[in-house]
Amino acid sequence: MDPLESGMLAVPGAGLHFEVRGTGPLLLLIPGGASDAEVFRDLADELASRHRVVTYDPRGISRSLLHAPPPEPWLDAQADDAARLLDHLTRVGEPVRVFGSCAGGLTALELLVRDPRRIELAVAHEPPAMGLLPDAARHAAFFDEVYATFRREGVPAALDKLRAIFSGRPAPPLPEASDNSEFFLSHVLLPSSRCVPDVTALAAVTDRVVLAGGRGSRTHDVCRPVAALAQRLGRELAEFPGGHAGYATHPVPFAVHLAAVLAGTRPAPG
């Protein structure tokens, strides 16, 4: 399905490319890592019969070009951008649902903490909040080494080392408008892996938080933080089809599962 609307939203220091599909309650899909709006194309098409689905390229990724150095802190900038996009596309008081995967899951949770009156539900799929783990220092050292490998040996060597958090498996090929690996390793890898969600603030809105992991990645290190967060908040970990990128590799069953979660019903097993 072609977007019903697409455009470029000016934000401080960048422009955000966004796309809108379908009609119904607004659902914002936030990509993580090096991904852009293209990674959600098939998922958005599946969901567009029930939702007004918004996808976008985060700043510095693909078509969302920077006009200034990336601002810090990283999570504040990501949440600010997403909030500005919602301001642009929604009416005052209109409820919004948010799904974010990997680093995008951190942004989804931050949006809920910042504006719980606007965010009706936030689904965070495997956010890389390694600081929640008892062996956080080991993981911080690992990501430091991945970054050092990138600076020393380049992108392929760093991505090869990063495979360890996926139990050594190569990342599946994902649809992207551009290869953003260098930007991800330069500006996203370290700040996103060091972000720790505000557990106290989330506990106050825990009924609007869904913490999710992939059925195929539940034994991977990348899934451990969301399981730890679910335990801290007293929530059951929602298991979605596929692995860390199940929304792209299994878009049809993933969409069925996500639609059921958004509707407040228990997804069918399998």
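The figures follow:
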quantity	calculated
Cβ pairs under 8 Å, 6+ apart, first in region 81-100 and touching a residue at least 12 places away in the same chain (Cβ under 8 Å), second open to solvent by 20 Å² or more (accessible area, probe 1.4 Å) and in a helix (DSSP H, G or I)	ALA83/ARG114
Subset of region 141-158 [out of contact with any Leu (no Cβ under 8 Å at 6 or more places or on another chain) and either over 17 Å from ASP221 (Cβ atoms) or open to solvent by less than 30 Å² (accessible area, probe 1.4 Å) (or both)]	ALA148, THR149, ARG151, ARG152, GLU153, GLY154, PRO156, ALA157
Odd one out for SER6, checked against (1) in contact with a strand residue (DSSP E or B) (Cβ under 7 Å, 6 or more places away or on another chain); (2) under 23 Å from LEU121 (Cβ atoms); (3) surrounded by fewer than 18 Cβ atoms within 10 Å (Cβ to Cβ); (4) among the polar types (S, T, N, Q)	(2)
Tally of residues being in contact with a Pro (Cβ under 9 Å, 6 or more places away or on another chain) and open to solvent by less than 50 Å² (accessible area, probe 1.4 Å) across region 72-93	6
Meets criteria (at positive phi, buried (at least 17 other Cβ atoms within 10 Å of the Cβ) and in contact (Cβ under 8 Å) with a residue 24 or more places away in the chain) for GLY22	yes
Evaluation of GLY13 against (1) open to solvent by 10 Å² or more (accessible area, probe 1.4 Å); (2) within 19 Å of the chain's Cα centre (by Cα); (3) within 25 Å of SER181 (Cβ to Cβ) (one fails), failing number	(2)
Flag for GLU120 being charged (D, E, K, R), within 12 Å of the chain's Cα centre (by Cα) and modelled with pLDDT of 95 or more	no
Residues within region 159-193 that are crowded, with 16+ Cβ neighbours inside 10 Å and under 17 Å from GLY100 (Cα atoms), tallied	8
Filter result for THR23 (in contact with a strand residue (DSSP E or B) (Cβ under 6 Å, 6 or more places away or on another chain), in a loop (DSSP other than H, G, I, E, B) and polar (S, T, N, Q))	yes
Positions within region 194-220 being buried (at least 18 other Cβ atoms within 10 Å of the Cβ) and either assigned to a helix (DSSP H, G or I) or small (Gly, Ala, Ser) (or both), in sequence order	ARG194, LEU202, ALA212, GLY213, GLY214, GLY216, SER217
Residues satisfying the stated conditions in region 19-38, i.e. hydrophobic (A, V, I, L, M, F, W, C) and over 20 Å from LEU109 (Cα atoms)	VAL20
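The values are calculated or read from the model by the stated rules, or taken from the named source; none is laboratory data. In this text, all values refer to a predicted model and were calculated from it rather than measured experimentally. Quick reminder, even Gly has a Cβ in these numbers, built from the backbone with ideal geometry, and neighbours come from all protein chains shown. To get the accessible areas, we keep the full protein, side chains included, count just its heavy atoms, and leave off ligands, DNA and RNA. Shrake-Rupley method; radii C 1.70, N 1.55, O 1.52, S 1.80 Å.
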